[in-house]
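Reviewing the structure listed below.
Here, each number is a calculation from the coordinates, and none is a lab measurement. Not measured: the values here are computed from a predicted model. Positions of Cβ are generated from backbone atoms using ideal geometry, with glycine treated the same way; all protein chains shown enter the neighbour counts.
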């Protein structure tokens, strides 16, 4: 899904490898071939939102990027 590609592109280059490692965990649930339990999807999407908020707080991700990515997560999985 394009959302995860956008996240990777929005992260500062020095942090992309580390962030990519964490994103695999979210992708494995949210982009699974079989539909995961709706509660697991909701919980994972909320965790991803928190992770993105943390990236924004530590200035690894810009505010405009964070707002757009948060909106995409909400519209896609919540």
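I need the shape label for segment 19-60. Rule: rounded when a/c is under 1.5, else prolate if a/b > b/c, else oblate, with a, b, c from the alpha carbon gyration tensor. Here segment 19-60 falls in the oblate category. A Förster radius of 30 Å combined with the Cβ-Cβ distance from residue 59 to residue 32 puts the calculated FRET efficiency at roughly 0.45. Estimated from helices alone, the mean residue ellipticity of the chain at 222 nm is -24500 deg cm²/dmol (sum of -39500 (n - 2.57) over DSSP H runs with n ≥ 4, per residue). Checking (i) 12.4, 42; (ii) 11.9, 35; (iii) 11.6, 41 against the coordinates, the calculated Rg and Dmax of the Cα atoms in Å falls under label (ii).
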